[in-house]
Amino acid sequence: MHIGKKILVFIAGFCLPAVVIVSCSLGYWYDHRVELLRQDSANRELANIQQQFQIDVDRLAFLANIYALPLSQLDESQLNTLESSWHSSSMSANLSWYILADGELRAFFPNEQSFTRDKLQEIANAVMAIGKPRVAGAYLIGNQAFVVTAVASAPKEYVLLTRELTQSDLLEYAQASLVTKVTMSHSAIATSNTESTHSDIIEIQSLLKQEPIYLQVFFSDGLFQAVKFRLDWVSLSFILLGVFIVALGYIWLRRGLLKPFKHLMQQLSLVDPMASVYRPVMAEGNQELEVLASRVNSLLARIFQQKERAKITLESIAEAVILTDVDAKVLYMNPKAELLLSVVSADALNLSIGSLLKASEPLNQAVFNCIRLGDLAPQTEKLSY
C-alpha cells in the first residue's frame with residue numbers, strides 16, 4: 001500500500017473516529033457532571049426541607065408552651081373576647097386551639113371545629129398514650145396535613161395547638177425553584193407522573209408513632225435537561241468543524257509531503273543506469289526529502305564514475321570485449337568488438353549473445369554456465385563466419 005493511502009486510512013480510520021469518540025465522551029462526561037449536580041442539589045434541598053419543617057414544629061410547640069397555662073385559666077366571657085381578637089389577627093391563619101380533658105378533646109373556641117369527632121378522639125388517644133408533658137408531630141386526615149402540638153396544663157389535661165398545612169404551605173418549605181410540589185403522605189413511595197420530574201421522600205416526626213408520615217418532594221428536571229448534551233445543530237457543527245480541520249490537515253500533508261515524495265519517486269523511476277549523462281534528482285518540500293535526494297545523487301554519481309572508469313578500462317583493452325548481464329544480454333561492446341562484429345554498441349544493446357554472434361545454442365549455454373558458476377577460468381569457442 002502506498003504511503004498516501006496509508007495516511008488516508010490513518011485519517012479516515014483513526015483520526016475521524018477519534019474526533020467523534022472524543023466529542024461524544026465529553027458530552028457523556030458533561031451529562032454525568034450535570035446528573036451529579038442534580039443529585040447534590042436534590043439532597044441539599046431535602047435536608048433543607050426537613051430542617052424547615054422541624055423549625056416550624058418547634059416554633060408551634062414553643063407558642064403552645066407559652067399560651068397553654070394562661071389559656072386554660074380563662075372563663076367563658078374571656079374566651080369570647082379572646083376568640084374575636086384571635087380570629088382578627090394574622091397569626092390565627094390556619095391555627096386552631098383545643099383542650100384535652102378527661103380523655104375528651106374539644107375545641108378551645110366554641111365556634112371552631114376543624115376535626116370530626118372520631119378524629120378528635122383519635123388525636124386524644126394518641127396524646128394520652130404518649131403520656132409526655134409535651135407532644136408534637138404531623139397528622140393526616142385524608143389528604144389534609146396538620147401539625148399538632150400538645151402541652152400539659154394540668155394532670156391529664158392538655159392544651160393543643162394545630163396548624164393546617166396547605167399545598168402552598170408545604171411548598172414554602174422548599175427554597176429552590178427546582179421543587180415543584182411537596183405533599184404529606186403515609187406512603188414511603190413517591191411516584192412522579194411525568195418524565196421530566198423525579199421524586200424523593202423525607203420521614204418527618206409523626207404524632208402517631210405507629211403511623212409514620214413522609215414528605216413527598218417532587219423535583220423538576222427541566223433546568224438540568226435543558227443543559228444536557230444533545231446532538232443538535234451546534235454539536236454537529238463542532239464535529240463537522242473538527243472533520244474540516246482534519247481534512248485541511250490532510251490537504252496540507254498531501255501538498256507538503258506526499259506530492260514532493262511522489263515527484264521524487266517519478267524522478268527515480270526515470271534514472272537510467274546506462275545513460276551517458278548524469279542527471280541528479282531534485283527534491284523540495286521538506287528537509288528529509290532533500291537529504292534523501294542528496295544521498296541518491298551521491299550514489300548515482302559514484303555509479304556513474306565507476307561506469308566511466310569501467311568504460312575507459314574496456315575501451316583500452318586491445319581484444320574484443322562484450323559486457324553482458326545475467327541473462328546474457330549485451331550491455332556494452334568495446335570499439336574492438338564493434339570493429340570485429342561490424343555492429344555499433346548502441347544497436348547491440350539487449351541482444352543475446354547467440355543472435356549477435358549467430359552462434360549455436362551450445363555457445364549460449366556455455367555463457368550461462370560461466371555466469372552461473374562464476375568461473376574465472378577463460379573459456380574459448382571457435383567461431384566461423
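Observations on the structure shown:
Conditions (1) buried (at least 21 other Cβ atoms within 10 Å of the Cβ); (2) within 48 Å of the chain's Cα centre (by Cα); (3) modelled with pLDDT under 85, marked per residue:
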{"position": "Ile123", "(1), (2), (3)": "yes, no, yes"}
{"position": "Gly131", "(1), (2), (3)": "no, no, yes"}
{"position": "Asn143", "(1), (2), (3)": "no, yes, yes"}
{"position": "Thr149", "(1), (2), (3)": "yes, no, no"}
{"position": "Ala152", "(1), (2), (3)": "no, no, yes"}
{"position": "Leu160", "(1), (2), (3)": "yes, no, yes"}
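- Helices (runs of 4 or more DSSP H) contained in the range 277-357 and holding at least 2 residues in the same structural domain as Arg254 (by the TED database), among the hydrophobic types (A, V, I, L, M, F, W, C) and over 60 Å from the mean Cα position of the chain (by Cα): 287-316
Residue-wise test of (1) free of Cβ contacts under 8 Å to residues at least 24 places away in the same chain; (2) among the aliphatic types (A, V, I, L, M); (3) part of a loop (DSSP other than H, G, I, E, B).
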{"site": "Leu120", "(1), (2), (3)": "yes, yes, no"}
{"site": "Asn125", "(1), (2), (3)": "yes, no, no"}
{"site": "Lys132", "(1), (2), (3)": "yes, no, yes"}
{"site": "Leu140", "(1), (2), (3)": "no, yes, no"}
{"site": "Ala150", "(1), (2), (3)": "no, yes, no"}
{"site": "Val159", "(1), (2), (3)": "no, yes, no"}
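- The range 1-25, subset in contact (Cβ under 8 Å) with a residue 24 or more places away in the chain and surrounded by fewer than 14 Cβ atoms within 10 Å (Cβ to Cβ), residue farthest from the chain's Cα centre (by Cα): Ile3
- Taking the conditions (1) modelled with pLDDT under 85; (2) under 50 Å from the mean Cα position of the chain (by Cα) in turn, Lys156 satisfies each one other than (2).
- Top-ranked residue in the range 164-184 [being outside any helix (DSSP H, G or I) and without any contact (Cβ under 8 Å) to a residue 60 or more places away in the chain; ranked as surrounded by the most Cβ atoms within 10 Å (Cβ to Cβ)]: Met184
- Test: residue in the range 198-205 that is modelled with pLDDT of 70 or more, surrounded by 13 or more Cβ atoms within 10 Å (Cβ to Cβ) and farther than 26 Å from His32 by Cα: yes
- Within the span defined as the range 289-308, one or more residues are among the basic types (Lys, Arg) and surrounded by 14 or more Cβ atoms within 10 Å (Cβ to Cβ).
- Cβ-Cβ under 6 Å pairs, at least 6 apart or on other chains, the range 62-74 side under 13 Å from Ala136 (Cβ atoms) and assigned to a helix (DSSP H, G or I), far side among the hydrophobic types (A, V, I, L, M, F, W, C) and modelled with pLDDT of 80 or more: Ala64/Val151; Ala64/Leu161; Asn65/Val151; Ala68/Val151; Ala68/Val159
- Cβ-Cβ under 6 Å pairs, at least 6 apart or on other chains, the range 27-46 side in contact (Cβ under 8 Å) with a residue 60 or more places away in the chain, far side aromatic (Phe, Trp, Tyr): Gly27/Phe229; Tyr30/Phe229; Asp31/Phe229; Val34/Phe224; Arg38/Phe224; Ala42/Phe219
- Taken together, Ile317, Ile312, Ile322 contain a single residue that is surrounded by 13 or more Cβ atoms within 10 Å (Cβ to Cβ) and either in contact (Cβ under 8 Å) with a residue 24 or more places away in the chain or not hydroxyl-bearing (Ser, Thr, Tyr) (or both), which is Ile322.
- Of the listed requirements (1) at pLDDT below 80; (2) exposed (fewer than 13 other Cβ atoms within 10 Å of the Cβ); (3) under 30 Å from Leu8 (Cβ atoms), Ser269 misses just one: (1).
- Each residue in the range 25-35 was checked for being touching a helix residue (DSSP H, G or I) at 6+ places or on another chain (Cβ under 9 Å) and closer than 24 Å to Phe244 by Cα, and 1 pass.
- Candidate set from the range 313-343 (those that are β-branched (Val, Ile, Thr) and out of contact with any strand residue (DSSP E or B) (no Cβ under 8 Å at 6 or more places or on another chain)); member that is nearest to Leu357 (Cα to Cα): Val326
The values are calculated or read from the model by the stated rules, or taken from the named source; none is laboratory data. Since the structure is predicted, the reported quantities are computational estimates derived from the model, not experimental observations. Here the Cβ is made from the backbone with ideal geometry for all residues, glycine too, and neighbour counts use every protein chain on show.
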